[in-house]
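Right, one structure below, let's go through it.
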Amino acid sequence: MSSVYLAKPAGATRIVSLNVNGLRASVNKGLLDWMQAVDGDIFCLQETRLQAHQWVDTHKPAGWFTHLCAAKRPGYSGTAIYSRWPLSNIQDGLGFGLCDDEGRYTEATLTLPNEQIIVIASVYFPSGASSELAQARKNEFLQRITPILQAWQQHKRPMIICSDVNIAHTKLDLKNWSANQATPGFLPHERAWLDTLYGPLEFCDAFRLKNKQPEHYTWWSNRGQSWANNVGWRIDYQIIAQYLAPFVHQVFIDRSRRLSDHAPVVIDYLF
């Protein structure tokens, strides 16, 4: 369990993914101060829960390049990207309503100072925990995004997908895996979808390239003492195109501050 953040190596690009569980709430808990302290270069946020008119300067680091993709429904879902460097070719949505109407996907192209080009995406997958209907919506999202991911790989897009996927992949990725095999977020078909993503679709779980140990989680229930006892799930990922794997330098999950019910996934890339 990581409780401090590691120093960023010289020349590294530090990318952070975090479900903020409400951007305004996370800012009130010290998000912007933490962003400065962790020395990230690109932050992908999920579950921002803001409309465009509610997204004000106090929610953004001064002088950064930022983009918000809001859901049509107020106070719900939403994604954002914050970057030290300009964002180009911004795309919101993937062409189907479940994603686009709920602000679940935004991407941008960045040219890093060393001229490396990457496509960064912030994605918020639906949760299936609340009902059978919610799980059906999640299943639809998985089905609809799969051929899109396949097409990206066929075109060799330099993708770094920062996402709350709402799925724990293996028994290493949640504390009570045995008791949760019939629980949404750890259902066999959900885990099989990640097997396909990291197998035939040729993406990588960037965190697991460097850390294969258990008890590194990114989400904890607000019930009981889950946070204090580290009874959690690893459901937040940086999913990268397979050929970008050699550029992953160091990885960690930062629990130094509780900015949300999720913890940030921090990865340093040496492009």
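Every number in this text was worked out from the coordinates using simple rules, so none of it is lab data. As the structure is a computational prediction, the values presented were derived from the model and not from experiment. Note that each Cβ is placed from the backbone with ideal geometry, even for glycine, and that neighbours are counted across all protein chains shown.
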- [ ] Only helical DSSP H runs with n ≥ 4 go in: add -39500 (n - 2.57) per run for the chain, normalise by residue count and round the 222 nm mean residue ellipticity to 500 deg cm²/dmol.
- [x] -6500 deg cm²/dmol
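Please report 219, 34 as a ranked list, fewest other C-beta atoms within 10 angstrom at the top and most at the bottom.
Values: 219 22, 34 19.
The fewest-first ordering by Cβ neighbours comes to 34, 219.
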TODO: Output the lone cysteines of the chain: those with no second cysteine's C-beta under 4.7 Å from their C-beta.
DONE: 69, 99, 204
Open item on the list: Whole-Hz ³J(HN,Hα) for each residue in segment 231-241, computed from phi via Karplus 6.51 cos²θ - 1.76 cosθ + 1.60 with θ = phi - 60°, x for glycine and proline: what do you get?
Closed with: 9, x, 10, 9, 10, 10, 9, 10, 9, 10, 4
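For residue 25 and residue 150, FRET efficiency with R0 = 25 Å and r from the beta-carbon atoms, rounded to 0.05? Walk me through the numbers before you get to the answer.
Working: r = 36 Å, r/R0 = 1.45.
After rounding, the FRET efficiency stands at 0.10.
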Open item on the list: Using each residue's phi in segment 50-58, evaluate 6.51 cos²θ - 1.76 cosθ + 1.60 at θ = phi - 60° and report the 3J(HN,Hα) Karplus result to the nearest Hz, with x for Gly and Pro.
Closed with: 10, 8, 4, 6, 8, 8, 10, 4, 5
TODO: Determine the sum of side-chain charges near residue 208: Lys and Arg each +1, Asp and Glu each -1, restricted to other residues whose C-beta is under 12 angstrom from that of residue 208.
DONE: +1
Task: Counting DSSP beta bridges with both ends in segment 13-269, the antiparallel % (nearest 5) - done: 80
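Taking only C-alpha pairs under 8 Å that are 6+ residues apart, what is the relative contact order of segment 57-103 in percent?
Working: 58 pairs, mean separation 18.5, N = 47.
Averaging sequence separation for qualifying contacts and normalising by length gives 39 percent for segment 57-103.
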Open item on the list: Output wanted: per-residue J couplings in Hz (rounded whole) for segment 155-161, from phi through Karplus 6.51 cos²θ - 1.76 cosθ + 1.60, θ = phi - 60°, x for Gly and Pro.
Closed with: 8, 6, 6, x, 8, 10, 9
TODO: Could you count how many Lys pairs in the chain have their Cα atoms under 28 Å apart, skipping same-chain pairs fewer than 8 positions apart?
DONE: 20
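Relative contact order for the chain: what percent, with Cα pairs under 8 Å and sequence separation of 6 or more? Show your work: numbers first, answer last.
Values: 609 pairs, mean separation 60.1, N = 271.
Relative contact order for the chain comes out at 22 percent.
Using a 10 Å cut-off around each Cβ, can you sort 8, 156 from fewest to most neighbouring Cβ atoms? All intermediate terms of the calculation are to be shown ahead of the outcome.
On the way: 8 17, 156 9.
Listed from fewest to most nearby Cβ atoms, that is 156, 8.
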